[in-house]
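Scroll down for the structure; my scribbles are underneath it.
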């Protein structure tokens, strides 16, 4: 199926590693030009850009920016637009998953987790919408939530779960606001994937996790990326405000 992403311009926040990397590769495979945002992992972002250009013959750039800083977000969009062209797709993927039980959690840990996982998508989503409305363009936003948004956490990630639940509600609200302008906003709720973020958890408790997953396996980031790429395309032309589960059956609704 042709997803009609040829020469579209996509920005993936937190795109240098894990799921973001898989999403960037998936978009490039469909012919999209990709801006890979990163905060700290400069070399990994540069390596990914080189791979995209080499394997998929599309343009790609790496853009350093903190998604929690509004000035950085504006600059990031400006760099993407000046080097690749007007944006068509935003994927809000940047995230953090620190461990702290509520009884031990500091205000700083709470604030930092919500800043990356909820404020970041707000700032980037706001900037994308502002630019699309100013230019009279349509666009697509895909927010990366989590199964924890619906199931909560018993492993010291209540702040993460709260942020991801907020992101689901934000997705619905923004989708309602901008639907009349041809701007689509959806979310994907992944389950456990083999990424650096949960490597320590997998190394000590994979068997326990498998008991919670009906498909009885940990997901590959590329499997979740496939859902994201579909929602980034105009093949999802009658879907907005939705959250798609990609959790191996952890979520069944």
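Read-outs: derived from the displayed coordinates by stated rules, not from any lab. Since the model is a prediction, treat every value here as computed from it, not as a measurement. When we count neighbours, we look across all protein chains shown, and the Cβ atoms used for this are built from the backbone with ideal geometry, even at glycine.
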For the chain, modelled as a GNM with alpha-carbon contacts under 10 angstrom, which of 78, 139, 31 fluctuates the most? 78
Going fewest to most other Cβ atoms within 10 Å around each Cβ, 23, 198 line up as 198, 23
On a C-alpha basis, how far is the centre of the range 66-80 from the centre of the range 116-130 in Å? Whole number, if you could? 10
In which sequence would 104, 111, 59 go, from the one with the fewest C-beta neighbours within 10 Å to the one with the most? 104, 111, 59
With Cα coordinates, the longest principal axis of the chain makes an angle with the long axis of helix 42-56, in degrees rounded to 10, of 60
So how far apart, in nm, are the two label points at residue 42 and residue 151 if each is 7 Å from Cα heading toward Cβ? 3.9
Length gained, residue 135-residue 75, 0.36 nm per residue minus C-alpha separation, equals 19.8 nm
Proxy reagent accessibility, fewest Cβ within 10 Å first, across 107, 79: 107, 79
Angle in degrees between helix 221-231 and the longest Cα principal axis of the chain, rounded to the nearest 10: 50
So how far apart, in nm, are the two label points at residue 239 and residue 211 if each is 7 Å from Cα heading toward Cβ? 3.3
Could you tell me how many degrees, from 0 to 90 and to the nearest 10, lie between the Cα long axis of helix 18-29 and the main elongation axis, the longest principal axis, of the Cα atoms of the chain? 30
